[in-house]
Every structure is written in C-alpha cells, then in structure tokens.
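Only the coordinates and a few stated rules stand behind these numbers; no lab work does. Quick caveat: nothing in here was measured; it's all calculated off a predicted structure. Cβ placement follows ideal geometry from the backbone for every residue including glycine, while neighbour counts extend to all protein chains displayed.
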Amino acid sequence: MKHTLTRTLGGLILGLSVALSVQAQPVDGEVKKIDLEAGKVTLKHGPIQNLDIPAMQMAFRVANPAWLQTLQVGDKVTFEADKVGGQFTVTAINVRK
C-alpha cells in the first residue's frame with residue numbers, strides 16, 4: 001500500500017508540474033482583422049507555447065468582446081491565449097506602445 005500511495009503522489013506532483021509549465025505566456029502579435037459580430041480578432045503572431053501553435057496568422061475568439069472596441073487593424077499587441085470551451089480564445093490583450 002505504501003508503494004502505491006508513493007507512486008500516486010509522485011504522479012500527482014508530476015502532473016501538476018507539467019500543468020503549471022504550460023500556462024499561457026505573453027505572445028507578440030499584430031491585429032489583422034476585427035470581427036465584432038463574431039466576437040473574433042485575427043492576429044499574426046509568434047509561437048504560442050502553451051497551445052503548441054507555431055507562428056502564423058489565425059482568428060481567435062476573445063474572452064471579453066468589449067476588447068474589440070479598443071483595437072484597430074495594424075495595432076501591435078501582446079496577448080495570451082488558451083483553449084476555452086474547445087475554442088482558441090484570447091484571454092488577455094494589450095496594445096504595445
């Protein structure tokens with residue numbers, strides 16, 4: 001029983017460390033398109049490590065549709081993205097000065 005508990009705890013700790021290592025990281029990007037009706041923004045971006053996505057241009061849902069009102073095509077941004085409800089979603093975004 002002791003060995004089983006030790007293995008279980010070890011697996012839990014390993015799982016937690018892996019989960020923590022794939023947290024959303026800030027990514028630089030550029031706004032290419034804003035779709036207010038769909039609540040999406042298209043970004044040309046660098047690699048998104050936590051989602052295992054290479055640098056590319058793609059559309060994302062936004063966690064807060066009000067953010068789309070503050071963005072303009074051509075804005076240079078720093079953002080974080082995650083998979084929310086099965087969809088790639090911008091969870092934070094800031095225009096770079």
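Find the residue count for the stretch 87-97, including only residues that are touching a strand residue (DSSP E or B) at 6+ places or on another chain (Cβ under 6 Å) and either part of a loop (DSSP other than H, G, I, E, B) or of a type in the set (D, E, K, R) (or both).
Within the stretch 87-97, the first condition is being touching a strand residue (DSSP E or B) at 6+ places or on another chain (Cβ under 6 Å), and the residues that meet it are 87-96.
The next check asks that each one be either part of a loop (DSSP other than H, G, I, E, B) or of a type in the set (D, E, K, R) (or both); those that pass are 96.
Of the residues in the stretch 87-97, 1 are touching a strand residue (DSSP E or B) at 6+ places or on another chain (Cβ under 6 Å) and either part of a loop (DSSP other than H, G, I, E, B) or of a type in the set (D, E, K, R) (or both).
Restricting attention to the stretch 77-87 and to residues that are farther than 15 Å from residue 33 by Cβ and touching a residue at least 24 places away in the same chain (Cβ under 8 Å), the residue that is surrounded by the most Cβ atoms within 10 Å (Cβ to Cβ) turns out to be 81.
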